[in-house]
Amino acid sequence: MKNKAFINKYRFPEPLYITQPTLPDIEEYKKSLETIWGSKWLTNNGSFHQSFEKKLCDYLEVTSLNLLCNGTTALLLSLKSLDLPEGEIITTPFTFPATPHAITWNNLTPVFCDIKPGTFALDPSKIEELITPKTKGILPVHLFGYPCDVEEIEKIAQKHKIKVIYDAAHAFGVRYKNKPLVSWGDGSVLSFHATKSFQTIEGGAIIPNSPELKKKIDLLKNFGIVDETTVEMVGINGKMNEFQAAFGLLQLKTHRDEINARKTLTNLYRKNLKGISGIVFPEDMEEVDHNYSSFPIIVHASEYGMSRNNLYETLKEFNVFTRKYFSPLCSTYPHYSHLVKNTKF
């Protein structure tokens, strides 16, 4: 029986959630709203959108990017822009549903590859055995801001002449070997959802690897419209509006402070959890500037004396709300499970 007195003594008075949105100064945002109200330009590449796109490029140290209404739409259009014929895309089962869903919505089939222990990312040594004549690309995920093995993945892609799009939803601002992590591959996709370390309420971006791809995605996200009388291709409405862009401009001002605060918290967790048997967490990687977007732990029940699920429920009793990322695996969903031959990941 659990000690109720102990729980009551140490239970937090207010709920502690795994994430809370960072918010800009409300008075500054009101000024932006007044400007939007005055201009009556709410969407369709307004002044805030143009300014945000430019300043994001500067901040991320990339030559161009496409702003989108959310990260899922960014994933959809990043794949669509490559004009891939029907076939297969190798990805991870350990990710948010948007990753395989974007593949499926593009009439492509996700092929699930296991992760490398300790990295949370696709295991490059297991990718090639999954490549067939149907394979058109790889969609790896930089989970929790920890980079995939981009160099090995690039070698495999070049060898087999297939595309690579990175789901970098967790990797805003991360650098590897003094190079922006989002500059690898044929493109990278960011999410600016409210749960992310950098957010615009909803929102996302694609970092294309060429000016031609940038132009194409800008057409795709605006119905394929070139001008008042010309529609060049079949597109959708994926535009970011002025309210999101204005919000994002203010967020950029404080994002470095946000990373530093998260780094302090990360080191605090590491200090206090170090040496606890059965609790494992990742350390900083060599040559990586992290964004400390999350603090994941792995629970080895036999050593810790409690399973992950039991720990999850126990923490709730103390008013601490964690998440089981990513459980269940995408490969177990009814619409994907039939695609999986080896169900043990």
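The values are calculated or read from the model by the stated rules, or taken from the named source; none is laboratory data. What you are looking at is a predicted structure, and each value in this text was computed from that prediction instead of being measured. Positions of Cβ are backbone-derived with ideal geometry, glycine not excepted, and every protein chain shown enters the neighbour counts. When the accessible area is computed, the model is the full protein with side chains, heavy atoms only, and any ligands, DNA or RNA have been set aside. Shrake-Rupley method; radii C 1.70, N 1.55, O 1.52, S 1.80 Å.
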Scan region 228-269 for residues that are assigned to a loop (DSSP other than H, G, I, E, B), surrounded by 14 or more Cβ atoms within 10 Å (Cβ to Cβ) and touching a strand residue (DSSP E or B) at 6+ places or on another chain (Cβ under 9 Å) and jot them down. 235, 236, 238, 239, 240
Could you give every pair whose Cβ atoms fall below 6 Å, whose first residue belongs to region 127-143 and is touching a residue at least 12 places away in the same chain (Cβ under 8 Å), and whose second residue is assigned to a strand (DSSP E or B) and open to solvent by 50 Å² or more (accessible area, probe 1.4 Å), counting only separations of at least 6 or pairs across chains? 137/163
Have a look at 291, 319 and point out the one that is on the phi > 0 side of the Ramachandran plot, in contact (Cβ under 8 Å) with a residue 60 or more places away in the chain and open to solvent by less than 80 Å² (accessible area, probe 1.4 Å). 319
If a residue must be in a strand (DSSP E or B) and more than 18 Å from residue 102 (Cβ to Cβ), how many such residues does region 194-227 contain? 4
Tell me, yes or no, whether region 301-319 has at least one residue that is out of contact with any strand residue (DSSP E or B) (no Cβ under 9 Å at 6 or more places or on another chain), modelled with pLDDT of 95 or more, assigned to a helix (DSSP H, G or I) and acidic (Asp, Glu). yes
Among the residues of region 85-100, how many are more than 14 Å from the chain's Cα centre (by Cα) and open to solvent by 40 Å² or more (accessible area, probe 1.4 Å)? 2
Leading residue by the ranking (modelled with the highest pLDDT) among those in region 106-137 that are part of a loop (DSSP other than H, G, I, E, B), within 30 Å of residue 284 (Cα to Cα) and open to solvent by 30 Å² or more (accessible area, probe 1.4 Å): 114
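Scan region 54-68 and give yes if some residue there is over 27 Å from residue 289 (Cα atoms) and exposed (fewer than 14 other Cβ atoms within 10 Å of the Cβ), otherwise no. Explain how you work it out, then say what you get.
Filtering region 54-68 for residues over 27 Å from residue 289 (Cα atoms) gives none.
The answer is no, given that none of the residues of region 54-68 is over 27 Å from residue 289 (Cα atoms) and exposed (fewer than 14 other Cβ atoms within 10 Å of the Cβ).
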Could you tell me how many of the residues in region 270-280 are surrounded by fewer than 14 Cβ atoms within 10 Å (Cβ to Cβ) and on the phi < 0 side of the Ramachandran plot? 6
Name, by its number, the condition in (1) free of Cβ contacts under 8 Å to residues at least 60 places away in the same chain; (2) closer than 27 Å to residue 171 by Cβ that does not hold for residue 296. (1)
Within region 147-202, restricting attention to residues that are touching a Lys or Arg at 6+ places or on another chain (Cβ under 7 Å) and among the charged types (D, E, K, R), which residue is nearest to residue 115 (Cα to Cα)? 163
Flagged in region 197-227 as surrounded by fewer than 18 Cβ atoms within 10 Å (Cβ to Cβ) and of a type in the set (Phe, Trp, Tyr), in numbering order, are 223
Considering only region 217-255, state which residues are touching an Asp or Glu at 6+ places or on another chain (Cβ under 9 Å) and not hydrophobic (A, V, I, L, M, F, W, C). 224, 244, 251, 253, 254
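Listed residues 43, 19; which is surrounded by 11 or more Cβ atoms within 10 Å (Cβ to Cβ), in a loop (DSSP other than H, G, I, E, B) and touching a Ser or Thr at 6+ places or on another chain (Cβ under 9 Å)?
None of the others qualify; the one that does is 19.
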